[in-house]
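S.K.: Please see the structure below; I have some questions.
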Amino acid sequence: MRITIAGTGYVGLTTAVLLAYIGHDVTGVDIDERKLELLNEGKSPIHEAGIEPLLISLGSRLHFTNDLRAAAREADIIMIAVGTPEKMNGEADTQYVEAAARTVAEGMVEGRAYTIVVKSTVPIGTNRRVAHVIQRTLDESGKAVRFAVASNPEFLREGLALYDSFYPDRIVIGAEDELAVDMLSRMYRPILEQTFDPPDVIPRREGYGLPPLITTDAISAEMIKYAANAYLALKISFMNEIAGLAEKVGADITEVARGIGLDTRIGPRYLAAGLGWGGSCFPKDTAALLAVGREYHYEMPIVEAARTVNVLNRTRILEKMQSLLKGVRGRTIAVLGLAFKPDTDDIRESPSIAIIKMLIERGAHVRVHDPLAMERAKDAFSASEQAEITFSSTPYEAAEGAEALLLATEWKMYKELDLDGLKKRMRIPVMIDGRNIYDPEKLRAMGWIYTGVGR
Ligand code: UDX
């Protein structure tokens, strides 16, 4: 099938690579010339495991252009995967989605049938709006074209986006029109039946079954996306709330997580207490869901609380540090990890960045390290903040002369550190393990003043 994808960000690019790999003829469209240049050289503008070898191996099955109108004309399926940035009131801004829909309609020619797929995370009702915009554009130019619109939300985790694309937990198609359901089921058939040869760089895990296909109406599909992210975010916030109580009563939250996670009704994942959630989805999507609620004068105190706890979490860490050091003003604090989670260079809404800003605000000097996100992180700080940050090339360098160390992102390399070597470099060996990756007993035995989250 011929597929055009508008937007080559995390979602668009990963989907383009997936669909080309399973045999479709894919065109990725972007307006960012720098991105296109990189992509045409087989280089990825995003950090994703396995993406570059795949980009190179796909050859002519995957190409890139800046001309959406022309790319849409020849396509059977057009996927819209452009950004939906957060507006001041928390709502997701659909102007780029609508602009893409208009351009796609301008490219359509009579005598062909098109399926337009909304992949971007959009406010409830946007699919209906996209259909309206396309119809209006066609009417304006007097064209009679058969088209159908479908919602097909993604559930990709950054850093594991290709893995989640090849081996999804489920595929959701929200459409009223049979044309769209039929086209998308055909497009995803190799994934639904797992008939492709797994790429060497993204192997299939043992025991992976076939992913169910959920076909539903567009409104429900749009809601599935928001509800899934809000639920995961509140699962984590719930554990962070329990973690605070665990500290008071002397329980260990990692044991509590193990104990409740084995209940199949709860499940073991997204129960890790720590600095809380960040990234491009949970913060934005929970805000957008609340904005939808407000539009209908409908209160959503649970989603609201998940967000409140997530912010509280950050100040709690700071207070912990204050009480251990008897104040942070004039102190040197090491922070390991800037990315919002490991295996990505993404620092959007990263708890680590927020905490560093608060530390500087309270008069501390901060020495930071991250294996991947250092360059990107620099832009997140103002000039005066940067003057209070030492960007270090190794975790050991970051620890030099520090009076406390905050482990903020659970990178694999931080789990394998020479903790004795690290400790020797510090002025005061205070370890605040913001992701509970170290063994408290072991660290205390080594002479660290250790504190985790909820243990
Ligand atoms: C998320 C969803 O998982 C994905 O389905 C959706 O499409 C986009 O949003 P992503 O933002 O890439 O993906 O990250 P994810 O791995 O889900 O982690 C989100 C945040 O939660 C991170 O900040 C992570 O550190 C935090 N987290 C995750 C916890 O604090 N505890 C956990 O147990 C799990």
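Computed from the coordinates by the stated procedures, all read-outs in this text should not be read as laboratory data. Computed from a predicted structure; not experimentally measured. Don't worry about glycine lacking a Cβ; one is built from the backbone with ideal geometry, like all the others, and counts go over all protein chains shown.
S.K.: Sort 178-187, 388-397, 209-218, 235-244 for me by packing, meaning the mean count of neighbouring Cβ atoms within 10 Å per residue, highest on top.
M.R.: The packing order, highest mean first, is 235-244, 178-187, 388-397, 209-218.
S.K.: Return a whole-number percent for the relative contact order of the range 1-146, with Cα pairs under 8 Å and 6 or more residues apart as the contact set.
M.R.: Reported as a whole number, the value is 24 percent.
S.K.: Further question: So what does log10 I(q)/I(0) come out to for the range 312-455 at q = 0.10, 0.11, 0.15, 0.17 Å⁻¹, using the Debye formula with one equal point on every Cα and no solvent?
M.R.: Values returned for q = 0.10, 0.11, 0.15, 0.17 Å⁻¹ are -0.28, -0.34, -0.65, -0.87.
S.K.: Another question, if that's okay. Net charge near M358, counting Lys/Arg +1 and Asp/Glu -1 over other residues with Cβ under 14 Å of its Cβ?
M.R.: Charge balance near M358 sits at +3.
S.K.: Based on the Cα coordinates of the range 21-144, what is the per residue volume of their convex hull in Å³?
M.R.: Considering the Cα atoms of the range 21-144, their hull volume per residue is 132 Å³.
S.K.: Continuing with this model, one more query. Can you give me the Cα centroid spacing of the range 7-62 and the range 337-395 in angstrom?
M.R.: If you average the Cα positions of each part, the centres end up 29 Å apart.
S.K.: Could you order the peptides 299-312, 267-280, 134-147 from most to least packed, using the average number of other C-beta atoms within 10 Å per residue?
M.R.: The peptides rank, most packed first, as 267-280, 299-312, 134-147.
S.K.: Order 416-428, 321-333 from most to least packed using the mean count of other Cβ atoms within 10 Å.
M.R.: Result, highest mean Cβ count within 10 Å first: 321-333, 416-428.
S.K.: Report, in cubic angstrom per residue, the convex hull volume of the C-alpha atoms of the range 2-216.
M.R.: 121 Å³
S.K.: Find the relative contact order for the range 197-325 and round it to a whole percent, using C-alpha pairs within less than 8 Å whose residues are 6+ positions apart.
M.R.: Contact order relative to length: 27 percent.
S.K.: Considering every pair of different Cα atoms, what Kirkwood radius, in Å, is found for the range 153-260?
M.R.: With all distinct Cα pairs of the range 153-260 included, I get 16.6 Å.
S.K.: Now for a separate question. Going by alpha carbons, how many degrees (0 to 90, nearest 10) lie between the helix axis of 282-295 and the longest principal axis of the chain?
M.R.: 60 degrees
S.K.: Bin width 20 Å, origin at 0, all Cα-Cα pairs of the chain: what percent of pairs per bin?
M.R.: Pair shares across the bins are 23, 51, 23, 2.
S.K.: Let me know the shape class of the range 226-274, please: from the alpha-carbon gyration tensor, a ≥ b ≥ c as square roots of the eigenvalues, rounded when a/c is under 1.5, otherwise prolate if a/b is greater than b/c, or oblate.
M.R.: Oblate is the answer for the range 226-274, as a/c is 1.5 or above yet b/c matches or exceeds a/b.
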